[in-house]
Amino acid sequence: MHYFTYKNGQLYAEDVPVADLAAEHGTPLYIYSASTLKRHLNAFDSAFQGIDHMTCYSVKANSNLSVLKILAQAGAGTDIVSGGELFRALRAGVDPKKIVYSGVGKKTVEIQEALLADILLFNVESIQELQRINSVAGDLHKVARISLRINPDVDPKTHPYISTGLKENKFGLSRAEALEAYTLAKSLPNVDPVGMDCHIGSQLTKLSPFLEALDKLKIFYAQLRERDIAIKYLDLGGGLGITYNEEEPPHPDELGQALTESLKDLDMTLILEPGRVIAGNTGILVTQVQYLKKNEDKLFVIVDAAMNDLVRPSLYGSYHRIAPVREGSTGEMTVDIVGPICESGDFLAKNRTIPRVDQGDLLAAFSAGAYGFVMSSQYNSRPRAAEIMVQGSKHVLIRKRETYNDLVALEEEGLALIDELDD
């Protein structure tokens, strides 16, 4: 459920006409609904009310400071994968004791920053990372709380680029390797192995992969108890999917009921890392039609949003519903909706039948709140879009549109010094 609806033929973000926002702030434009964001967090978090748990929103899905602040104020923690995401979470007011740090390539300085912030725990992905965390914690005279990420070799039945729980993926340790790593962790002076971690993929539309992974983790948990390794936290990651097109993912209540039943006899705090399911349908990307162009039998709708603004269709072949901001046109057209970037892979939709549009019309790409702006770039020296947050009849600019000066700001000093290379 989201709060982007048509009223009298116009698309509204909550109580604000989308066309008015585009007129004021230009396009391409990301628009988010605060009411949707809070509704989704509550729907997910309340699904696990029967078990001791912590909902740690996955920052990589949408890391805008205002998004993080709204979620933190509603009680969410965060799952982070970089020092930059830690910086953002702290700046937005997230409680450090609700921050878990995932990711395969943590640098020494990033580990230092997280230890100094006193985050809840690190999700460790390799033995070398475990040894580095122990060393860095020792230098700081601290003890790092850690989980080891276990790769259960479970097929999540999702796009291979967002599958993370198979043995050929770069993430985590096999159960045999993890057992060795836990034994090592117990002997190290500056780490405390307090958790188990698992994340099998993103955009999952069935419960069975979650439950299969959990069954394997429960067996592993028993092996750890036999070795007198006390586990307090079980981090099952995120991955619950949303509806982009015809997918029918389970409701969070279904996942909550299934996990609560499976974990009822285990004395652990469950950590969940939802991202897409919280933010995905919270946002839209608004773009304006620049030209209509026909090449023989192919009709192109050329818009001012491109793959640098929303890369999912080009990168994953992903579907985003695209509809006019104003309804009422007569007839339909089958088109490729493409952007101005000089790549054949620059498209938002291919062979898509939409209501007839004309030059100057506005289109909205739905379900763009997750992995939209955060994956955008300045390719072709295109300034990145502005972001707007709407609540009720009010809206605020939560990220300014970049300018040409922003594009070159970090290069100006080098430009001034470049002639010195010839001296």
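Answer yes if at least one residue in segment 134-155 is surrounded by fewer than 23 Cβ atoms within 10 Å (Cβ to Cβ), assigned by TED's automatic domain parsing to the domain that holds L259, closer than 22 Å to L272 by Cα and modelled with pLDDT under 70, and no otherwise.
Looking for residues that are surrounded by fewer than 23 Cβ atoms within 10 Å (Cβ to Cβ), assigned by TED's automatic domain parsing to the domain that holds L259, closer than 22 Å to L272 by Cα and modelled with pLDDT under 70, one finds at least one in segment 134-155, hence yes.
Failed condition for T36, given (1) touching a Lys or Arg at 6+ places or on another chain (Cβ under 6 Å); (2) surrounded by 21 or more Cβ atoms within 10 Å (Cβ to Cβ), with all others met?
(1)
When I51 is evaluated against the numbered criteria (1) buried (at least 21 other Cβ atoms within 10 Å of the Cβ); (2) within 26 Å of P250 (Cα to Cα), which criterion, by number, is the only one it fails?
All conditions are met except number (1).
Within segment 92-106, track down each residue that is in a helix (DSSP H, G or I) and either of a type in the set (A, V, I, L, M) or out of contact with any helix residue (DSSP H, G or I) (no Cβ under 6 Å at 6 or more places or on another chain) (or both).
The first filter runs over segment 92-106 and keeps only residues in a helix (DSSP H, G or I), leaving 96-98.
If the condition is that a residue be in a helix (DSSP H, G or I) and either of a type in the set (A, V, I, L, M) or out of contact with any helix residue (DSSP H, G or I) (no Cβ under 6 Å at 6 or more places or on another chain) (or both), then K97, K98 are the ones that fit.
For segment 287-303, indicate whether the set of residues that are out of contact with any Leu (no Cβ under 9 Å at 6 or more places or on another chain), of a type in the set (F, W, Y) and modelled with pLDDT of 95 or more is non-empty.
Step one: list which residues in segment 287-303 are out of contact with any Leu (no Cβ under 9 Å at 6 or more places or on another chain), which gives 290-291, 294-298.
This time we only want the ones that are of a type in the set (F, W, Y), so: 291.
Pick out the ones that are also modelled with pLDDT of 95 or more and you get 291.
Yes, some residue in segment 287-303 is out of contact with any Leu (no Cβ under 9 Å at 6 or more places or on another chain), of a type in the set (F, W, Y) and modelled with pLDDT of 95 or more.
Given K206, K232, which one is among the basic types (K, R) and touching a strand residue (DSSP E or B) at 6+ places or on another chain (Cβ under 7 Å)?
K232
Determine which single condition R312 fails, assuming it passes every other condition in (1) surrounded by fewer than 16 Cβ atoms within 10 Å (Cβ to Cβ); (2) outside the structural domain of Q49 (by TED's automatic domain parsing).
Status for R312: all satisfied but (1).
Please find, among S82, S58, the residue that is closer than 30 Å to E254 by Cβ and hydroxyl-bearing (S, T, Y).
After ruling out the rest, the residue left standing is S58.
For segment 107-133, how many residues meet the condition of being surrounded by fewer than 16 Cβ atoms within 10 Å (Cβ to Cβ), not acidic (D, E) and not in a helix (DSSP H, G or I)?
1
Within the group E226, E248, E273, E254, which residue is assigned by TED's automatic domain parsing to the domain that holds E125 and farther than 30 Å from S35 by Cβ?
E226
When the residues of segment 1-20 are narrowed to those that are under 26 Å from A76 (Cβ atoms) and of a type in the set (A, V, I, L, M), which ends up surrounded by the fewest Cβ atoms within 10 Å (Cβ to Cβ)?
M1
Go through segment 374-394 and give me each residue that's under 13 Å from Y404 (Cβ atoms) and in contact with a Lys or Arg (Cβ under 9 Å, 6 or more places away or on another chain).
Step one: filter segment 374-394 for residues under 13 Å from Y404 (Cβ atoms), giving 378, 380-384.
Of everything in segment 374-394, those that are under 13 Å from Y404 (Cβ atoms) and in contact with a Lys or Arg (Cβ under 9 Å, 6 or more places away or on another chain) turn out to be Q378, P383, R384.
M375 fails exactly one of the following numbered conditions: (1) touching a residue at least 40 places away in the same chain (Cβ under 8 Å); (2) under 28 Å from Q10 (Cβ atoms). What is the number of that condition?
It is condition (2) that M375 fails.
Of all residues in segment 383-409 being in contact with a Pro (Cβ under 8 Å, 6 or more places away or on another chain) and part of a loop (DSSP other than H, G, I, E, B), which is farthest from T243 (Cα to Cα)?
T403
Here's a check for you: in segment 310-347, which residue that is touching a His at 6+ places or on another chain (Cβ under 9 Å) and of a type outside the set (S, T, Y) is farthest from F373 (Cα to Cα)?
Kept after step one, since they are touching a His at 6+ places or on another chain (Cβ under 9 Å), are these residues of segment 310-347: 310, 312-313, 316-318.
When the remaining residues are screened for being of a type outside the set (S, T, Y), the result is 310, 312-313, 317.
Details: L310: 7, R312: 11, P313: 13, G317: 17 Å.
Result: G317.
The values are calculated or read from the model by the stated rules, or taken from the named source; none is laboratory data. None of these values were measured; they are calculated from a predicted model. Note that we place each Cβ from the backbone using ideal geometry, even for glycine, and neighbour counts take in every protein chain shown.
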